[in-house]
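Reading through the C-alpha cells given below for one structure.
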Amino acid sequence: MIGVYLYGDEREHRSTDGAAPGGVAMSSKSALAQRLAIVAGFEDPNVSLEQYRTPPELAAHLVHTADLQGDIEDRTIVDLGCGTGMLALGAALRGPTQVVGLDIDPAPLATARDNERKVASATEVEWVRGDATQVPLGPDGPTTVIMNPPFGAQSGNEHADRAFLETASEIADVSYSIHNAGSDAFVESFAADNGGEVTHAFRAEFELPHQYDHHTEEQRTVDAEVFRIEWSG
Ligand code: SAH
C-alpha cells in the first residue's frame, strides 16, 4: 500500500489499494496500476546501481498525473534508468508517439522486453542500453522524461540523481522524477539553476521488500517525493 500526498490545497490522502472516490479518471488510474502489477522486478538486483522496481500504484499515479497534464499524448517519453520497465510501460499503455527505456545494465532490459510482451501496450518501447548521465539521446519533438533514478544513497554513487536531472534538463521540456524525501530544496535549486521550474510535487511512501543484505528489516519504508519540472532550455 502506498499513501499519496499532494502539497498545498490539493492535498489528498488516499490508500491506493481501495477505490478512489468517484470519477472515470480515477478508475482508469487503478486500472493502469492493475495492468502494471504483472511487470516483473529485478531478478538479481545490483546494489551499487540501486535497483528496485517502482510499485505499480506509484508508477500509475505518476503516469496518470502526467497524462492529465498533457505530458504523454503526442510526445516522446524517455525513461532514464528504466530497469525492468515499470514507468516506460506505464507510459506506453497511454499511447504516446514513442517510448524509449534506457538502462546501463542489460539484465533488467531483458526482463523489460518480457514485461512488454505481458503488458501488451499500445505503443512499442525501444529498449536501449546506455549511461543516462552521458546524454545518450537527442529526441526530436516534444519530450517528457519519466524516471526513478538512483537516489545516490550508496557510497560512490552520491548525487546520482543530480546527473540524471542534468540529462533530463538537456533532452526534455518536462520531466517527472522520483527522489527520496527531503530532496525538495535540492531539486528546486537545481531546477532554478538549469532553466527549470518545479510546477508540481507530491509525496509517496511505499514498502520495499527485503532485497539487499544491508537492509536488516524484513521490509523498508521509503519516503519519496515526485517532482514535475518544466525545462525551458
Ligand atoms: N525505473 C525503474 C528502475 C528504478 S531503479 C523502475 O521504476 O522500476 C534505478 C535504475 O537505474 C536501475 O535499473 C539501474 O540499473 C539504473 N541505473 C543506475 N545508474 C545508471 C546510469 N548511469 N545510466 C542508466 N541507468 C542507470
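How large is ³J(HN,Hα), in whole Hz, for each residue of the range 57-70 in order, when computed from phi with the Karplus curve 6.51 cos²θ - 1.76 cosθ + 1.60 and θ = phi - 60°, using x for Gly and Pro?
5, 6, 4, 5, 5, 5, 5, 5, 4, 4, 5, 4, 7, x
At Asn194 and Asp105, where each label point lies 7 Å from the Cα along Cα→Cβ, what is the point-to-point distance in nanometres?
Between Asn194 and Asp105, the label points sit 2.3 nm apart.
Calculate, in nm to one decimal, what Ala40 and Glu126 gain on full extension: separation in residues at 0.36 nm each, minus their alpha carbon distance.
Working: separation 86, 0.36 × 86 = 30.96 nm, distance 1.79 nm.
Result: 29.2 nm gained on full extension.
Amide H to amide H, which residues 5 or more places from His200 or on other chains are under 5 Å from it, using H placed in the peptide plane?
When sequence neighbours closer than 5 places are left aside, the close amide H contacts are Arg228.
Amide H of Arg53 versus every other amide H placed in the peptide plane: which residues, excluding those fewer than 5 positions away on the same chain, fall under 5 Å?
HN-HN under 5 Å from Arg53: Phe42.
The numbers here are math on the coordinates, done by the rules we state, and not lab data. Everything quoted here is computed from the prediction, not taken from an experiment. Glycine also receives a Cβ, built like all others from the backbone with ideal geometry; neighbour counts cover every protein chain displayed.
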